[in-house]
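The values are calculated or read from the model by the stated rules, or taken from the named source; none is laboratory data. Model, not experiment: these values are computed from the prediction. As a convention, Cβ positions derive from the backbone with ideal geometry for all residues, glycine included, and neighbour counts pool all protein chains shown. Only protein heavy atoms, including side chains, enter the accessible area calculation; ligands, DNA and RNA are left aside. Shrake-Rupley method; radii C 1.70, N 1.55, O 1.52, S 1.80 Å.
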Amino acid sequence: MLAILDYGMANLRSVQKAFEGLGHAARIITTPEEIQRTDHLVVPGVGAFRDAADVLFKTGAADAIREHVHAGRPLLGICLGLQLLFDVGHEDGTHAGLAILPGECVRFAVDAPPHQLKVPHMGWNSLAWTRDVPLFRGLQQGAYVYFVHSYHVVPKDLAIVAATAHYGEPFVAAVWKDNVTAVQFHPEKSQEVGATILKNFAEWRP
Amino acid sequence: MLAKRIIPCLDVDRGRVVKGVKFFDHVDAGDPIEQAIFYDRGHADELVFYDISASHEGRGIMAEVVRRVAEVVFMPITVGGGIRTLEDATALIQAGAEKVSVNSAAVKRPELIREISAKFGRCATVLGLDANRVKDGDGIERWRVFVNGGRVDTGVEVMAWVKEAQALGAGEIVLNVMNADGTQAGYDLEMTAAVSEAVTIPVVASGGAGSPEHMLRVLQEGKADAALAASIFHFRTYSVGQVKEYLAERGVPIRR
């Protein structure tokens, strides 16, 4: 069963509806017990790192997500759901994440010289992937997806990077490690390309 | 590379899509759901729904419109118009809006920007403003912020307001220049460029789009990160695809 974790940070209907449109039933769940009964788990999220981490730790969802990963079941993190998988986030202070993947989440520095780009990084950017991961099957290199974020992850182990995008400099757009994958962009807002990515996750059997 | 965004704007009055000329003369022409599907298939980069009735007539229908649209299209949706409180913003985001755009109420109570940003993040918090070039008794032109659908001059200076909004937590500015709005005579390039250079958050240009060339100019000379238009798309003068083709041929980074 595919399920989307609701921890009060986002409208999940668009994610659920996107899966349903692809023929995959998707439940919205809230408790650690429900996570234990889930096969494919989606952790979405918008908002602040600290607030989201607080909710996950207080509700026991954090431990349930870690158990889910250790049991080898598939996990897809989206946006903040990617960032929370790492050790720490540096949004409004330094806060602990789920520490499933080694590394940290930092603010884009590209609004300073020499780049002087706008932050948040907001809009459609093209993906470049160097690994043949199941998530991008059926897509062309350079496919555009929708991003909206001010922070991005810096993994300790660059081998987990599945795709990058370019904003002044390359940044991590997707990671893939064993049964865990996560994306900085919003597949549920990325029209056909996003639908393909969600479909690939739903149909992926590790 | 980040693409410049092309954003159709749908003005909504009590659940129906309308488009005004110079703000006051509205023509009823469409169902928001059908419009959204049309623009989604046409690869619009984002949709803006602007509730033009809400500022002075009440609201509530908009959240239901957003909910129905979000069921059928998978693209970013921004909703503006008549958002007065954190509760208004919450209802729209919970209905499926990616971002909410505050306008008049934020001028009256700037803390509204901070409240929405604290709850939903900078990425979901947009400042929309209606700007106009006005001359006071001294004959000197000034750029001022107007509210209530462009009816009331607040006396607030455009440049000061956009910087304050960014400091309060806005993650994007939609600059609608009223002198240009509905004229299809082109965006206000000078004001758009000045605002875009004064802030470090993205700026969406609005008001005056009549041709793909206008969009090219506001994305280049106007330094806008995105171009919003209503009439030229709504009346099918140009499709989003035609605009994008024109821009791509001239070297603008565009998602096809």
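Quick notes
- Amide H contacts under 5 Å for B:ASP11: B:VAL18, B:TYR50, restricted to partners 5 or more places along the chain or on a different chain, H placed in the peptide plane at 1.01 Å from N.
- Antiparallel bridges, percent of DSSP beta bridges restricted to chain B (to nearest 5): 35
- Excluding same-chain neighbours fewer than eight residues apart, the lysines reachable from A:LYS58 by a Cα-Cα span under 21 Å are B:LYS119.
- Cα-based Rg / Dmax (Å) for chain A: 15.7, 49
- Under the Debye formula (equal points on every Cα, no solvent term), log10 I(q)/I(0) of region B:75-171 at q = 0.13, 0.14 Å⁻¹: -0.44, -0.50
- Considering only B:GLU98, B:GLU164, B:GLU172, the Gaussian network model of chain B with Cα springs below 10 Å gives its largest mean-square fluctuation to B:GLU164.
- With bins 5 Å wide beginning at 0, the percent of Cα pairs of region B:123-244 falling in each bin runs 2, 12, 22, 23, 20, 13, 6, 2, 0, 0.
- Nearby aspartates and glutamates by direct alpha-carbon distance to A:LYS177 (threshold 18 angstrom, same-chain neighbours under 8 apart not counted): A:ASP39, A:GLU67, A:ASP87, A:GLU104, A:ASP132, A:ASP157, A:GLU203
- Number of partner chain Cβ atoms within 10 Å, mean per residue of B:93-99: 4
- Contact order normalised by residue count of region B:5-249, Cα under 8 Å, 6+ apart, percent: 17
- Positive-end residue of B:PRO202, B:ALA89, B:VAL18, charge dipole of region B:5-249 with Cβ unit charges: B:ALA89
- Based on alpha carbons, the Rg and Dmax found for region A:84-206 are 14.3, 45 Å.
- Under 30 Å from the Cα of B:LYS244 - lysines, other chains or at least 8 residues apart: A:LYS17, A:LYS118, A:LYS189, A:LYS199, B:LYS4, B:LYS19, B:LYS22, B:LYS99, B:LYS223
- By the helix-only formula, in which each DSSP H run with n ≥ 4 contributes -39500 (n - 2.57) and the sum is divided by residues, the protein assembly as shown has a 222 nm mean residue ellipticity of -8500 deg cm²/dmol.
- Potential extension, A:ALA159-A:ARG131 segment - 0.36 nm per residue separation minus Cα distance: 9.1 nm
- Distance histogram for the protein assembly as shown (every C-alpha pair counted, 20 angstrom bins, percent rounded to whole numbers): 26, 58, 16, 0
- Dipole orientation for the protein assembly as shown: of the candidates B:THR183, A:PRO170, B:VAL126, A:PRO170 has the Cα lying most toward the positive pole (charges on Cβ; Lys, Arg +1; Asp, Glu -1).
- Chain A: relative contact order in percent, alpha carbon pairs under 8 Å with at least 6 residues between: 20
- Among the protein heavy atoms, those of A:TYR7 account for about 20 Å² of accessible surface (1.4 Å probe, every chain in place).
- Zone residues, region B:141-173, relative to B:ASN179, backbone N less than 12 Å from point 7 Å out along Cα-to-Cβ: B:141-144
- Mean projection area, nm², convex hull over Cα of region B:5-249: 11.9
- With Cα atoms defining each centre, region A:103-119 and region A:142-206 are spaced 19 Å apart in the structure.
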